[in-house]
Amino acid sequence: MDTGFAPFSARARAEHLAALPGQTWDLLVIGGGITGAAAARDAAGRGLRVALVDAGDLARGTSSRSSRLIHGGIRYLETGNLRLVFEASAERRRLLGLASHLVHPLPFLFAVYRGEAVGLRKLQAGMWLYDALSLFRNIARHRMVTPARLKDEEPGLRRDGLAGAALYYDASVDDARITLANARGAHEAGAAVVPHAEVSGFLRDGRGITGVRVRDCLRPGAEAVDVHARVVLNATGPWSDAVRTLADAGAKPRLRPTKGVHIQVRRDRIGNRHAITFRSPVDGRVMFILPAGDFAYVGTTDTDYAGSPAEVRADEADVKYLLDSANGIFPAAKLTPADVVSTWAGIRPLLAPHKAEGGLAASATSREHEIWRDRGGLLNIAGGKLTTYRVMAAQVVDAAVRLLKEQGVASGESPTAHLPLPGDPREPWDAFLARTVHAAVGAGLDAQIGEHLARTYGEDAEALLAAVRTDAQAGRRLMEGHPYIWAEVDHAVNAEMALRVEDVLVRRLHLFYEAVDGGLAVAEEVARRMGRADGMGWSEKQIAEQVEAYREAVQSTRGFN
């Protein structure tokens, strides 16, 4: 679709920002996380005039700090939430087909020990139910694994008291990138997408909210502009109550935020061959040890959180709990804080028990999320899980469409159930992967980089390979031992709307989490390369500010040893 905007770039962001005050939008979405990005894509795909703004980068909050799973939710079986498991299982199957470069099958071993609340027979019954709720259309059916077989399958697992395990399948995902793909899809469908643009206030008339005031966060001292919209959607996750209070000082809090922390270590320090589901020996909580290339990460915690979502961090108690839990299941690892390469912490925007207002949280919505309209007219969505983001987005846009219909605005049906995400390969995954690796080797890169490009960019990998063919220097690794190349920095600015060094090294690439120094060694060169890109034009002072801001971000997540 020809949107009239530049490609999904830094320059496009400037064009989108300039377009915000020039018309009345059908739907203005506040929040560039997975729910907001998906809602913008869904609504734009229905033919609505859509704008999306976020005070920070796309996926800057919980949407880039999750367990990075697309899963049916096996732990929800214990609470009897079969509807959610059924819904999540269907979405897992759908996303494996619509975003095959980002969502990949992942085998799990659920280890059971004698004396735990869920014994082996109960686990086996649960696994049959898990398969049944996916209509026996999961990646593969489960199988039970004896302790003797586990010696070969996962030799590092604690042997004492081991009753057996179940092998089952869910899927992994790059959470930040699936958010980016939805935001780009919204852009390609005609939406104006403006990260780093803060809502500083709301516009009203006698009937209620008619828009917002938006301030450009990349231009200190810039005046806010008035942006008019028929419906304003608050999809800000853990910031939901703050936005609601900005709209109505008397709005009562709806969230009960909890903090979820993960730690990442070198995978060879644990030695896990599969994703591992287990009950923490510390408190019995269901946890994961998940493979991520040369790394493994352990999560997650679940503690109440009362601070600012922007300031959430792992603390020493979080790290100790996760290390003790991992050591309890892989005792030979003997992990210490010195093994922690990085941490991340996100806020779950859980809903406190409350009866929804406005009649928009119908029974069709999942118990895990809720849609409601505040008295001033602000439409809200909160709760939910990454796996079911597409369903949540479609439901909240349905609610917006009902409001728009009252104003005489018509729209089409949701297109997302069968619409591939940008980058999804047009051929079976294995064939695409082999073709991309072959092309990368032909361009002078090694197979590891080729596989990384395929899994990160899908069909867009060809654009990066074309850049390398034109300039061999673009194929240099940013840091030895990591698969990222300099062409990706250019691509992040020119095709992924990255606007700060942090945007590139944290959410477009993952050096922030994978390099021992968080990528600080290349931060200045990244800043200089970004500063030369179209639409950027950074001065020496701006480059220095970017590097210093990134240094502070790295230091805030390290130092537990």
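How many residues are assigned to a loop (DSSP other than H, G, I, E, B), more than 25 Å from Asp398 (Cβ to Cβ) and basic (Lys, Arg) when one looks only at segment 202-230?
1
Filter segment 236-258 for residues that are without any contact (Cβ under 8 Å) to a residue 24 or more places away in the chain and not in a loop (DSSP other than H, G, I, E, B) and give the result.
Asp241, Ala242, Thr245
Taking the condition assigned to a helix (DSSP H, G or I) and among the aliphatic types (A, V, I, L, M), does Leu233 pass?
No.
Given the options Glu427, Glu413, Glu462, name the one that is open to solvent by 30 Å² or more (accessible area, probe 1.4 Å) and in a helix (DSSP H, G or I).
Answer to the check: Glu462.
Of all helices (runs of 4 or more DSSP H) completely enclosed by segment 507-561, which ones contain at least 3 residues that are of a type in the set (Gly, Ala, Ser) and under 19 Å from Leu478 (Cα atoms)?
520-531
From (1) more than 15 Å from Arg184 (Cβ to Cβ); (2) touching a residue at least 12 places away in the same chain (Cβ under 8 Å); (3) out of contact with any Phe, Trp or Tyr (no Cβ under 7 Å at 6 or more places or on another chain); (4) open to solvent by 30 Å² or more (accessible area, probe 1.4 Å), pick out the condition that doesn't hold for Arg46.
(4)
Restricting to segment 259-269, name every residue that is among the basic types (Lys, Arg) and either open to solvent by less than 40 Å² (accessible area, probe 1.4 Å) or in a loop (DSSP other than H, G, I, E, B) (or both).
If the condition is that a residue be among the basic types (Lys, Arg) and either open to solvent by less than 40 Å² (accessible area, probe 1.4 Å) or in a loop (DSSP other than H, G, I, E, B) (or both), then Lys259 is the only one that fits.
So, in segment 201-238, exactly how many residues are open to solvent by 60 Å² or more (accessible area, probe 1.4 Å) and more than 16 Å from Gly22 (Cα to Cα)?
Selection size over segment 201-238: 8.
Could you list all residues from segment 446-458 that are open to solvent by 40 Å² or more (accessible area, probe 1.4 Å) and under 22 Å from Ala171 (Cα atoms)?
Within segment 446-458, Gln448, Glu451, Arg455 qualify.
Keeping to segment 306-350, report how many residues are open to solvent by less than 30 Å² (accessible area, probe 1.4 Å) and of a type in the set (A, V, I, L, M).
13
Select, from Ala443, Ala467, the only residue that is open to solvent by 20 Å² or more (accessible area, probe 1.4 Å) and over 19 Å from Ala495 (Cα atoms).
After applying the criteria, what remains is Ala443.
Applying the selection to segment 476-505, what residues are open to solvent by less than 10 Å² (accessible area, probe 1.4 Å) and not in a loop (DSSP other than H, G, I, E, B)?
Ile485, Trp486, Ala487, Glu488, Val489, Ala492, Val493, Val501, Asp503, Val504, Leu505 - these are the residues of segment 476-505 that are open to solvent by less than 10 Å² (accessible area, probe 1.4 Å) and not in a loop (DSSP other than H, G, I, E, B).
What are the residues in segment 275-305 that are surrounded by fewer than 22 Cβ atoms within 10 Å (Cβ to Cβ), within 22 Å of the chain's Cα centre (by Cα) and in a loop (DSSP other than H, G, I, E, B), if any?
Across segment 275-305, the qualifying residues are Gly293, Asp294, Asp302, Tyr305.
Can you run down the residue pairs with Cβ atoms below 7 Å, 6 or more apart or on separate chains, where the first is in segment 417-445 and closer than 14 Å to Arg469 by Cα and the partner is open to solvent by 30 Å² or more (accessible area, probe 1.4 Å) and not small (Gly, Ala, Ser)?
Correct list of pairs: Ala443/Arg469.
Would you be able to tell me the number of residues in segment 444-473 that are under 19 Å from His510 (Cβ atoms) and more than 26 Å from the chain's Cα centre (by Cα)?
Number satisfying all stated conditions: 2.
Arg75: closer than 30 Å to Glu311 by Cα, surrounded by fewer than 23 Cβ atoms within 10 Å (Cβ to Cβ) and of a type outside the set (S, T, N, Q), yes or no?
yes
So for segment 159-182 (the condition being in a loop (DSSP other than H, G, I, E, B) and open to solvent by less than 10 Å² (accessible area, probe 1.4 Å)), does at least one residue qualify?
Looking through segment 159-182, none of the residues is in a loop (DSSP other than H, G, I, E, B) and open to solvent by less than 10 Å² (accessible area, probe 1.4 Å).
Residue under question is Arg92, and the condition is that it be touching a His at 6+ places or on another chain (Cβ under 7 Å) and of a type in the set (D, E, K, R); does it hold?
Yes, satisfied.
The values are calculated or read from the model by the stated rules, or taken from the named source; none is laboratory data. These numbers were taken from a predicted model, which means no experiment stands behind them. All Cβ positions, glycine included, derive from the backbone under ideal geometry; neighbour counts span all protein chains shown. These area figures cover heavy atoms from the full protein model, side chains too; ligands, DNA and RNA do not enter into them. Shrake-Rupley method; radii C 1.70, N 1.55, O 1.52, S 1.80 Å.
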